[in-house]
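All remarks here apply to the structure that follows.
The values are calculated or read from the model by the stated rules, or taken from the named source; none is laboratory data. Keep in mind the model is a prediction, meaning the values are calculated, not measured. Every residue, glycine among them, receives a Cβ derived from its backbone with ideal geometry; neighbour counts consider all protein chains shown. We work out accessible area using only protein heavy atoms, side chains counted, and drop any ligands, DNA or RNA first. Shrake-Rupley method; radii C 1.70, N 1.55, O 1.52, S 1.80 Å.
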Amino acid sequence: MTADELKRIISEGESIYVEFKKSERDITKDVYETVCSFLNRYGGHIIFGVNDSGTIIGVEREAVQKMKSNFVTSVNNSVTLYPPVYLTLEEFDIEDKIVLYCYVPEGSQVYRCRGKILDRNNDSDINITDNQDTVYELYSRKHNTYFVNRILPGLGLECLNIELIRRARKKAVARVANHPWSEMNEEEILRSAGLILTDMQAQQEGLTLAAILLFGKDTTIMSALPQYKTDAIFRVDNIDRYDDRDVIITNLIDSYDRLLEFGRKHLNDSFAIEGMQNISVRDRILREIISNLLAHRDFSSAYPAKFIIEKTRIYTENANKAHGYGNLDINSFQPYPKNPPISKIFREMGLAEELGSGMRNTYKYTKIYSGGQPVFTEGDVFKIQIPVTKVTSDVQSDVQSDVQSDVQSDVQSKSEISKIIIALIKENPKITRKKMAEAASVSEKTIERHIKMMKNVVYVGSGRSGHWELLEENSK
């Protein structure tokens with residue numbers, strides 16, 4: 001989540017996915033009711049320091065740490081929320097005001113807040129505890145909708161690749177400071193993500209199919225789901241068969257990496273400036289369509305997932321539990337969660353974003369990449385088509401890589417980095433060198449070296465209490 005994305009969410013107002021909380025000093029009790037209703041429905045965004053009309057009023061700065069601490073403590077307290085969840089608040093500086101933000105994923109179980117079962121309806125949290133039919137529907141939805149929540153009680157942690165879990169933790173902690181996973185062992189991470197559940201009928205606890213798909217050893221995956229396969233095909237010259245192919249039957253995390261490398265191998269790249277960063281448009285498109293292909297497929301179907309590159313298009317196909325049929329309209333489509341536990345791990349690792357953002361991002365980056373528009377088709381097989389203007393080949397890959405390096409070097413020239421530093425300081429005088437480095441796509445040492453050479457940049461004060469200043473005569 002970035003400040004710009006958060007501002008966009010605020011501008012769209014409250015909805016079934018978005019809740020504003022005026023809270024300026026304290027976390028009010030109704031916040032946990034909203035957490036509960038989001039967990040029981042589709043997940044959503046809770047934003048503190050914003051009133052019901054969408055006006056940013058801010059959280060008092062001296063209350064931020066206390067609110068963060070109280071929130072984490074309460075959502076982990078089974079008296080407040082059952083079962084407990086691991087959620088944290090992120091801090092953003094918007095319009096010179098502090099805003100706190102929490103993304104609540106869809107839960108894999110039925111949740112209660114202080115004994116009450118709540119569900120989300122439009123922009124309201126509804127107490128459905130005494131409505132037997134609605135509660136039954138909720139339990140049925142949680143139990144039946146997600147095939148990947150099927151419990152495999154005979155399988156233990158020895159069936160998983162523990163290094164993959166550690167890799168997921170490392171990526172999550174690198175993205176979010178003080179991420180809850182940083183203090184958890186591998187089993188605690190699995191439990192927090194709903195990957196270890198209890199079969200109420202058999203009264204047995206075990207790993208879920210989602211856990212096996214994400215972190216399982218290859219032999220375990222094949223035993224649990226023998227039909228599982230993802231097919232990557234490059235078909236440009238040999239149209240009847242293929243020019244290159246990768247049949248992938250490994251865990252979803254390594255599958256993501258292999259599909260990404262397959263796409264990079266056969267697709268030309270282009271770069272664009274987004275904010276203060278130079279980004280790979282090709283990689284942004286691949287990130288969205290690959291995460292969709294892997295995280296949202298119907299694993300109960302024997303239909304193999306497909307990632308195909310042809311001369312004029314990229315397209316993907318995966319088995320799907322349809323919520324409608326036909327091409328989706330970006331202005332009116334309603335996203336539905338397909339495999340929440342898998343999506344949660346992908347989001348925490350930075351492989352995907354919140355529900356619904358992938359389609360918008362794909363439209364945005366496809367227009368930059370080829371000037372065309374993607375097509376999303378809902379049905380028993382979900383399809384995405386991305387128009388392309390030119391593909392590369394193995395022979396061209398090394399040349400293309402060199403060209404990209406040259407482009408990157410040009411963009412990160414001395415004068416360009418200096419301009420980026422000045423623009424970032426103007427926007428936020430308390431910005432850290434680390435944040436500057438991330439924005440400029442260079443190392444922190446490079447930023448430090450440039451600042452030493454810049455006569456118009458000074459740091460006033462010391463430590464976190466200080467700030468940057470630009471000397472007026474040279475800062476223009």
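Structure above, values below:
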quantity	calculated
Square roots of five times the Cα gyration tensor eigenvalues for region 254-362, Å	23, 17, 15
Convex hull of region 134-266 built on C-alpha atoms - directionally averaged projected area, nm²	11.5 nm²
Pairs beyond 24 Å (Cα-Cα), from LYS311/LYS367; LYS7/LYS170; LYS68/LYS419	LYS7/LYS170; LYS68/LYS419
Local electrostatic count, ARG114, Cβ distance below 13 Å [Lys/Arg +1, Asp/Glu -1]	0
Shape call, the chain: gyration tensor on alpha carbons, a/c limit 1.5	oblate
Exceeding the 18 Å Cα-Cα cut-off - candidates LYS66/LYS435; LYS171/LYS344; LYS364/LYS426; LYS171/LYS338	LYS66/LYS435; LYS364/LYS426; LYS171/LYS338
Heavy-atom accessible surface of the chain: percent carbon and sulfur, 1.4 Å	47 percent
Free-standing Cys residues across the chain, given no other cysteine C-beta under 4.7 angstrom	CYS102, CYS159
For region 195-354: relative contact order, % (alpha-carbon pairs under 8 angstrom, 6 or more apart)	20 percent
For ILE94, residues with placed amide H under 5 Å, excluding near neighbours	VAL99
Whole-Å semi-axes of the ellipsoid equivalent to region 1-143 (Cα gyration tensor, √5λ, descending)	26, 16, 12
Whole-number accessible area per residue in Å² for the chain, which is evaluated in the context of all protein chains at 1.4 Å	49 Å²
The chain, helix-only ellipticity at 222 nm - DSSP H runs n ≥ 4, -39,500 (n - 2.57), divided by all residues, nearest 500	-12000 deg cm²/dmol
